[in-house]
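The numbers here are math on the coordinates, done by the rules we state, and not lab data. None of the values given here were measured: they were computed from a predicted structure. Every residue, glycine among them, receives a Cβ derived from its backbone with ideal geometry; neighbour counts consider all protein chains shown.
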Amino acid sequence: MFDLRDLYQEVILDHNKRPRNFGQLARPDRSAEGYNPLCGDRLTLQIEFDGDVIRDVAFDGSGCAISKASASLMTESVKGKTLDEVRALFEKFQAMVTADAEVEPDADALGKLSVFAGVRAYPARVKCAVLAWHTLRSAVEGADDVATTE
Ligand code: ZN
């Protein structure tokens with residue numbers, strides 16, 4: 001049987017060690033900051049749009065391995081998608097990480113993000129995993145406040 005927890009650990013380690021889209025964009029259209037006070041994770045997210053498509057996205061900041069790996073995978077997943085697609089993905093991701101342990105993740109819709117179902121075994125870490133997504137939403141909506149997981 002496919003062991004979600006092993007795969008989860010592997011992906012977290014990999015993306016923590018080599019985060020994708022880490023750094024800053026030359027000409028971002030939008031940016032937002034996110035903060036998870038429970039763990040101390042902080043990140044800044046920058047987005048460049050092409051119409052309603054996310055052409056490029058980058059993140060920066062410091063936090064635990066889960067928040068960083070989640071931001072890394074999130075940026076990979078949303079690049080090239082329309083805002084409607086990104087909103088749908090956000091909802092699926094949020095629903096997955098807060099679902100009961102026995103609920104199978106929707107791997108067709110979530111792709112690599114489905115490994116984050118593994119975070120359900122560590123409820124205190126769910127907020128670390130959703131921080132990047134909350135920050136993305138606040139960047140897309142152009143909110144000036146810092147996005148928090150509270
Ligand atoms: Zn954290």
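When the residues of the stretch 1-48 are narrowed to those that are part of a strand (DSSP E or B) and of a type in the set (A, V, I, L, M, F, W, C), which ends up nearest to residue 139 (Cα to Cα)?
First, the residues of the stretch 1-48 that are part of a strand (DSSP E or B): 22, 30-36, 41-48.
Filter again for of a type in the set (A, V, I, L, M, F, W, C), leaving 22, 32, 43, 45, 47.
Values: 22: 16, 32: 5, 43: 12, 45: 7, 47: 8 Å.
Selected residue: 32.
Of all residues in the stretch 36-53, those satisfying the criterion of being of a type in the set (A, V, I, L, M) and either under 13 Å from residue 21 (Cα atoms) or near the ligand (Cβ under 10 Å from one of its atoms) (or both) are 38, 43, 45, 47.
Residue-wise test of (1) assigned to a loop (DSSP other than H, G, I, E, B); (2) within 16 Å of the ligand (Cβ to nearest atom); (3) under 11 Å from the mean Cα position of the chain (by Cα).
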{"residue": "66", "(1), (2), (3)": "no, yes, yes"}
{"residue": "77", "(1), (2), (3)": "no, no, yes"}
{"residue": "116", "(1), (2), (3)": "no, yes, yes"}
{"residue": "125", "(1), (2), (3)": "no, yes, no"}
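Among the residues of this structure, residue 108 does not count as one that is surrounded by fewer than 23 Cβ atoms within 10 Å (Cβ to Cβ), more than 19 Å from residue 9 (Cβ to Cβ) and either in contact with a Leu (Cβ under 9 Å, 6 or more places away or on another chain) or in contact (Cβ under 8 Å) with a residue 40 or more places away in the chain (or both).
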